[in-house]
1. Out of C:93, C:39, C:143, whose Cα points farthest toward the positive end of the dipole of the range C:5-160 (charges: +1 Lys, Arg; -1 Asp, Glu; placed on Cβ)?
2. Between residue B:69 and residue A:130, what is the label-point separation in nm under the 7 Å Cα-to-beta-carbon projection?
3. If you take the beta carbon distance between residue C:300 and residue C:386 as r and set R0 to 30 Å, what does 1/(1 + (r/R0)^6) give as a FRET efficiency, to the nearest 0.05?
4. Specify whether the C-alpha gyration tensor of the range C:169-308 places it in the rounded, prolate or oblate class, a ≥ b ≥ c being the square roots of the eigenvalues: rounded for a/c under 1.5, otherwise prolate if a/b is larger than b/c and oblate if not.
5. Between residue C:238 and residue C:77, what's the calculated FRET efficiency when r is the beta-carbon distance and R0 is 41 Å? Round to 0.05.
6. How much space per residue, in cubic angstrom, does the convex hull of the C-alpha atoms of the range D:263-401 take up?
7. So which residues in the range D:340-376 end up with at least 20 square angstrom less accessible surface once the other protein chains are there, compared with the chain by itself, probe 1.4 angstrom?
8. For every other residue with a beta carbon closer than 12 angstrom to the beta carbon of residue D:12, add +1 if it is Lys or Arg and -1 if Asp or Glu, then tell me the sum.
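The values are calculated or read from the model by the stated rules, or taken from the named source; none is laboratory data. Keep in mind that what you see is a predicted model, and the values were worked out from it rather than measured. As a convention, Cβ positions derive from the backbone with ideal geometry for all residues, glycine included, and neighbour counts pool all protein chains shown. For the accessible areas, the whole protein counts, side chains as well, though only heavy atoms, and no ligand, DNA or RNA atoms are used. Shrake-Rupley method; radii C 1.70, N 1.55, O 1.52, S 1.80 Å.
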Amino acid sequence: MSLLLHSRTLLPGLVLTLVFTGAALISLVWVPYDITVLDIASRMKPPSWVHPFGTDQFGRDILSMIMEGARTSIAVALVAVGIGMVIGVPFGLAAAVRKGGLMDEVIMRGNDLVFAFPSLLIAVMITAVFGASALNAIIAIGIFNIPVFARLTRGAALSLWSRDYILAARVAGKGQARISLEHILPNVANLLIVQGTIQFSLGILAEAGLSYVGLGAQPPIASWGRMLADSQTMISLAPHLALFPGLAILLTVLGLNLLGDGLRDALDPKLRRARV
Amino acid sequence: MLHYFLKRLISLGLSLVAASVVIFLALEVVPGDPASYMLGLNAQEDTLNALRQELGLNGTILERYVSWAGGLLTGDFGTSYTYRTPVAGMIGDRLWVSLPLALYALILSTLIAFPAGIWAAARRGTAADATVMGVTQLGVAIPNFWFAMLMVLVFAINLRWFSAGGFPGWDAGFFVAMKALTLPAIALALPQASILTRVMRSSLLDTLNEDFIRTARAKGLTKGQALWRHAVRNALIPVLTILGLQFSFLLAGAIIIENVFFLPGLGRLVFQSISARDLIVVESIVMLLVFAVILVNFAVDMAYAWVDPRLRRRR
Amino acid sequence: MSLLAIENLSLSIHGLPILKEVSMGVAPGRILGVIGESGSGKSITAFSVLHLLPNGTDCTGRITLNGNDILSLSERDLCGLRGREVGMVFQEPMTALNPLKTIGAQVAETILIHEKVSKSEAMARAAEALRRAELPQDRFPLSRYPHELSGGQRQRVVIAMAIALKPKLLIADEPTTALDVTTQAQILDLLKRLVAEDGMGLMLISHDLAVVADLADDLVIMKDGEVVESGPAKSLFANMQHPYSKALLEASSHVPLRTGEAVEVPLLEVREVVRDYTGHSHGWWGKTTHFRAVDQVSFSIRKGESLGLVGESGCGKSTLTRAILGLEEVQRGEILFDGLPVFTHHHANAAVRRRMQVVFQDPYGSFNPRWKVGRLVTEPFHLLEEPPRGREREKAIAEALESVGMRAADADKYIHEFSGGQRQRIAIARALIIRPDLIILDEAVSALDVSVRAQVLDLLADLSGRFGLTYLFISHDLSVVRSITDRVLVMKAGRIVEEGPTATVFDHPKDPYTQQLVAAAPVLPADAA
Amino acid sequence: KGDIIVAMQLEPPNLDPTSNAAGAIDSVLYSNVFEGLTRFGPDGSVNPGLAESWEISEDGKTYTFKLHEGVKFHDGTDMTAEDVKFSLDRARGDDSQNAQKALFAGIDGVEAVDPLTVKVTLKEPNGSFLFNMAWGDAVIVAPETIGDIASKPVGTGAFKFTNWVQGDRIDLEKNTDYWGEPAKLDKVTFKFISDPTAAFAAVMAEDVNAFVGFPAPENLPQFEADPRFQVLVGSTEGETILSTNNKLPPLDNIKVREAIAHAIDRQAIIDGAMFGYGTPIGTHFAPHNPDYVDLTSLSQYDPELSKKLLAEAGYPDGFTTTLKLPPPSYARRGGEIIASQLRAVGIETEITNLEWAQWLEQVFKGKDFGLTIVSHTEPMDIGIYARPDYYFQYDNPEFQKLIADLTVENDPEKRSALLKDAQETISNDYVNGYLFQLAFPTVADAKIKGLWKNQPTQATDLTAVYWED
Ligand SMILES: Nc1ncnc2c1ncn2[C@@H]1O[C@H](COP(=O)(O)OP(=O)(O)OP(=O)(O)O)[C@@H](O)[C@H]1O
Ligand SMILES: Nc1ncnc2c1ncn2[C@@H]1O[C@H](COP(=O)(O)OP(=O)(O)OP(=O)(O)O)[C@@H](O)[C@H]1O
Ligand SMILES: [Mg+2]
Ligand SMILES: [Mg+2]
């Protein structure tokens, strides 16, 4: 609890994040209206009591679409971050074992190579090969999370490897893999969580961008980015069509960023000491 | 220094070769036949074959890679399947939109971020700082294509200060062209400026905690003097890294923005080319962008050495 | 008339009281030593003089400098004062300089800030200040960057910066703690000379009694934000009144009582060991160069003996330690433990390894902050083929902790819940738990306050008696080595230059380097009571 | 005002109408820069072009074209019978890259009788030969300039090509030496704006004077309400159909196809996807054609009937199939609506959005699809139903005979009867779901006159366009 009070950004971040994950979870069991049923007659209705966010160009309830869209965004971003962590972290740990060694060199150059590719283009290429779908969006976003986590882990692990307690563990005869798991990993976990929330928010932006250009989740799965793309031409007719999904992206990303910042403040002992 | 330079140069070359192989192989597996795309629904098989022959699509993978990569080395990017003109020329034309756009956005974001970051850092913990931080949080979170849509709605359709998009070309005059690039540059620059502001601020705060700032203050420098004379340049190192990353991002990340503002840039060209399966154009552009990224990173490394004398000799 | 007078200075930060009724004064041409253990408020007192205090500070009392009341001056006037009237030298020479500016520019800046002179004139005066700080321009051009200088040379630059305008008062806050003894002695000499030449007042802050002892004219002893005792140095040393001062003095010259007898059986034999680092590839085509960190070192330790190893920073002590522990393979020579090689077929010999343990310098960095003490202490069990489990393990932990004066219940705490001294005890407990024959102590007490250091030394002496331990005691602090070892090795640039019984070597050093080292080591006045 | 900026959605990939299928090439160059022997009028009629007149031999196999006198290419050279012979021989040659090579397949030989007379012999009589010669793929080009045609087109039209800023615009200027009625405009700029939002913004901000083929029908009411603009909603040759894989079970069952036809509410699709713009069709034929038969009643919206038919076909609980959608918004939006309508009768569809290249590969060539939505914009293309290997794989020998008869029939009345027969056959077989005829909206400055309203072929004929004072 005191963690919450330590940071000005943690609480609002947590609230926003909970609202959207909550909406996503609720949408699993209930949404106000079935979004697979179209009602052309009552399309583009402005917000009202019946439809708090109004209806879209096919007469679907925008609130329900946003709730289901939250699920898509969160699922895509979360899995993509998972991919990045599961692959990137071991790479980073391995690279840090011997700075400048062959392993390190190969992993880091590989990272640089991935970084050198323009990410949206890779996503476009992946979807050109495999077709547009949520899964391919996940892969495309996930690939670019790998070097992020690999670098972060390596950087943090390198500084840990020079600590005396690592030397102590080596004196106790422990091998490099074991030390990486027992000593390094737990000590970079905080950093990973913080970076994880940030990559998560970037993932949501990326998913929206991909869906916006038509490369993300396909109908009838709802997606915020596609809602924006579909409503673009109607922005002057019915601005609420573009307003709500835009705000949903903005607020979710904002929430996650605030959460990440807050966590960083709360978990980083250096900063915490400075504040006391 | 020279040794460091050479070593970096060799690794740069290796990266490029690796990138070219990856790009070529990736596009090799992209399904879709450029010839049938060009000739449409009623095309006959013999016509298609004639076209494939002319496009050089009938060789083995290795032959095609060698001829493509060899061409790149001599500056010959091949001939576009659909446009039937040399790819180098097409890229050259588009570069004159994308590059100025990226630079414009980069300059804008730097011009916003440096003062804002320094200002916020100097007033750490005050309302001013909190405001700057809040705005940057929003700036990072806002999807730039949505922001672009809103800007078009307000500035082009309602206020009619700017045209909604398009690019008149540099022949139309420098200011006319710059005006056309302004809204897209702002849309691109906003999130970048926010990120940069945050990096600048936190880097500066780190530097302000350093001992040498205390030394400077003990000499009789005021807070402001210590900040400008000692902190800013030291804080620049992480900022440079981000700046380098951003440039490549801006160059490639303009794809969506170029579409929103229908600018004839590289991003839109590559998008069109992929859907037309004009693979040779796609390959060349991706290669060019990768080259640009690697080159920019190289330049950033060299800039470190310029900023930081500790790197001038060793490494 | 006093140059600086601090009267009843009380200070709190965010409501937390830091200084209580502190009074002291510095007269021109005299040196005031301020002593006290870590956290006693020495630095804060110094910062108050320049009014460079953290945000949220409240102070009452008076600080007058040359008759000006510092606490009531405006920030502008204070800026005019800093650097011109008062110069300051800080503890950390490595980070006190801006890495991106040349030393000339940084020294000249002091002048340019306060006087309207041309840049070239300022540079000329900067060169002069650097010359006085013993950095002549022909050997150290103004265009050097800080990273091109050694720690001691950087500290000279900081001093040059502080004295460039011949201030009336110089404050030196632990100016030598980060330096090795020989450099420390040179810096202290320099400060003394400058005071004599310029007639300025010097406030010299240190936690090391011996450092201040032969320099200071007056002395102030601080504890927990209060001045516990003050007066002229000579009389104070001769006649300490306050119990804390006495304890401090006692701890500084503490000699632990040692029992236990060495037997004539060699436990560890090091024969002609060479350790090369393949390193920085300089030059045009990047030929890899070799750096010889340990060069043809041979020695042996007998069972039950305590062997000291002294030498300046970077002379290869830690490298040698790592080789003995089997963490890094040596290029030439061999290391035998009880007749068995430490390395066989490029692999560390487990049977040998489990008979050696080590205690490191940094009590904060040598523990994984995420583990509980119980787990930390038992880490060396990994070396055993059948480590104890369950109850037996609990018992081993309790025994180890109790043997270093901790409680068994401490096993459930995290390491951040302990003080530095306690951590070092836990480190020793960790080393003891597998009952090794040899414990290597690499600067194991250097980071501790004198009083804590005395306790830990006592503990080590006691343990060696109880468990028949053999120590390899590495330190750059000669007084500590003298107090706890039987025999000593003096190392310089990877080579052993002198070896012999501790008392003989220190009292009658033969090698010129040893002589230099012994001469540089600060000592308490013989008549200190 | 003598200049105009006309926007359209797609940019031509190159400027050679004779070797690329892209309609955008014709949209810019047809009639403006290049002309053929015959040409389409705004109403779709076939009129004389470079050929002033022609004679058809008794057996219908020989056409003798009389060319206009004094026609010059833009490079100043004369257009002669040799050029016509060159153009037609090039299009039908072995190494031809003409996208509509079939148009020329029936030609047996071309002979330049004298500089102004060309004789074309056919292998068989062909009722649509003059129609074929009006296509953009059959324009007359000169052998001297053929090398650069893709980037520097040289034709005989009322406008000359001047400049192409790739990705942005193409400039034309008035051809002062034009052989016929000269153009009224001095300068024409075609701008390419693919994004519908950008299109809306560009028109609203008056960055362009006209947008032909405006891509966002939802915005048309706003333009209609704005006195600055005029909106022309014309017809096209584009039959938008729910193409069905007639060989893929269960779609090979005519009852299932009939069920699908009754499950679809055309009006909802026209409203939902096209915002009301579009004419319902019941067969593969343009409603504005005099031979059109209204067969929409065969596939009335009747979900109950649809369910019944499904049950009869053995799918009382429906089934699942794929729905592959190419990029245009009629397909993407229409697809979502159709998916929802099919779901209502129990048919689940897996939607996949494809790019054109993927669509060509998977659907058109690979025939790997259940359903797809596409607009067939080629004029008078009911003949595709006679090709059993065509992607929807309709194989009906009766229908194939009908088309064979039609090809050799020259008598207008008999042709008309055959066409009507053909329409009814495919409609009765429920080959595809017939949705609507694509509308062609043009938004223009209210003061512009002379624009084509309809789109009988892909063309933006500006030869008669002028600004009203
Ligand atoms: N910026 C600060 N904010 C809050 N408390 C501080 C700050 N700086 C120092 N203190 C506290 O003031 C007290 C005195 O600190 P000071 O730095 O003067 O000690 P010191 O005697 O110089 O110790 P050392 O020998 O370790 O340098 C300590 O308890 C410390 O925790
Ligand atoms: N991994 C390494 N690679 C290259 N050089 C090294 C490495 N480790 C140490 N050195 C160099 O070897 C020399 C001896 O280092 P070592 O750490 O043994 O010194 P030390 O006597 O323990 O010094 P200190 O008292 O500062 O701990 C130093 O010059 C150091 O720079
Ligand atoms: Mg201090
Ligand atoms: Mg060491």
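1. In the range C:5-160, that residue is C:143.
2. About 2.6 nm separates the two model spin labels.
3. According to the calculation, E is roughly 0.45.
4. Here the range C:169-308 falls in the oblate category.
5. 0.45
6. Spelled out: Cα convex hull of the range D:263-401, divided by residues, is 127 Å³.
7. At a threshold of 20 Å² (probe 1.4 Å), the residues of the range D:340-376 that become less exposed are D:340, D:343, D:351, D:353, D:355, D:356, D:357, D:358, D:360, D:361, D:364, D:365.
8. -1
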